[in-house]
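Peer 1: Questions regarding the structure given below will be posed in turn.
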Amino acid sequence: MGKSASGKDAIYRRMISEGVGGLKGIVPYTTRPKRIKETDGKEYFFVSEEKMREMEEAGRIIERRAYNVVGGVWYYFTADDGQIDLGEGSYLIIGTLEAYLKFRDYFGQDKVVPLYVEVEDGERLSRALRREMKQQVPAYEEMCRRFLADSADFSEEKLLAAGIVRRFSNTGTLEECYSGISSAVLSEL
């Protein structure tokens, strides 16, 4: 987990592709529109709000977050859809601090290990801007809203209250951060 543009997606993709510790990926769900180069079922399952509500009524949602964005509400969630079987292996997922707490409560504190990636805010803002500029229709207002919301969502107080004390800095090279996270994961398995 980490604030937007912290590099967690790149780290996640590499860990899964290299098979670090035999970790399996979990594909979360969202109601937001796909970004350029995203594929349904790869980064997210892109679903309608109606489909999300059906899954919720069936008791299949482990955790869900709602974001008031410019133009509406976007939901992100993880479903109990058969992707996770702790008897069959270990998993890696990208999420928020709120999602971590829900996973921890759902599966048990001894089964969920938080990995927090942090980046200096100026660098993070530069990364977010470069990423947004590549979009067919850049949403700069949403980028700014998300940047500010992350400051509140990942405040020091909230991180400490959740027990997040081990952090991985991604301000140097991605390789340094990746190496630290990979070592931490292997020590937990």
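Peer 1: Given the structure, is Gly89 in contact with a Lys or Arg (Cβ under 6 Å, 6 or more places away or on another chain), at positive phi and of a type outside the set (Asp, Glu)?
Peer 2: Judged against the criteria, Gly89 is a match.
Peer 1: Which condition does Ala10 not pass, out of (1) in a strand (DSSP E or B); (2) of a type in the set (A, V, I, L, M, F, W, C); (3) under 22 Å from Arg167 (Cα atoms), if it passes all the others?
Peer 2: The failed condition is (1).
Peer 1: Same structure again: Consider Val112 carefully, then state whether it is aliphatic (A, V, I, L, M), without any contact (Cβ under 8 Å) to a residue 24 or more places away in the chain, within 26 Å of Ile16 (Cα to Cα) and crowded, with 16+ Cβ neighbours inside 10 Å.
Peer 2: Here the answer is yes, as Val112 does meet what is asked.
Peer 1: Hey, does segment 55-68 have a residue that's of a type in the set (Gly, Ala, Ser), modelled with pLDDT under 95 and either touching a strand residue (DSSP E or B) at 6+ places or on another chain (Cβ under 7 Å) or in the same structural domain as Lys134 (by TED's automatic domain parsing) (or both)?
Peer 2: Looking for residues that are of a type in the set (Gly, Ala, Ser), modelled with pLDDT under 95 and either touching a strand residue (DSSP E or B) at 6+ places or on another chain (Cβ under 7 Å) or in the same structural domain as Lys134 (by TED's automatic domain parsing) (or both), one finds at least one in segment 55-68, hence yes.
Peer 1: Quick check on my filter: what residues within segment 129-165 are over 17 Å from the mean Cα position of the chain (by Cα) and over 18 Å from Val70 (Cβ atoms)?
Peer 2: Within segment 129-165, Arg130, Lys134, Glu156, Glu157, Leu160, Ala161, Gly163, Val165 meet the criteria.
Peer 1: Also, quick follow-up: If I ask for residues that are β-branched (Val, Ile, Thr), over 30 Å from Gly180 (Cβ atoms) and either free of Cβ contacts under 8 Å to residues at least 60 places away in the same chain or assigned to a helix (DSSP H, G or I) (or both), which ones from segment 21-69 would you list?
Peer 2: Thr31, Val47, Ile61
The values are calculated or read from the model by the stated rules, or taken from the named source; none is laboratory data. Everything numeric here is computed off the predicted structure, so don't read it as measured data. Heads up, the Cβs are rebuilt from the backbone with ideal geometry, glycines too, and the neighbour counts pull from every protein chain shown.
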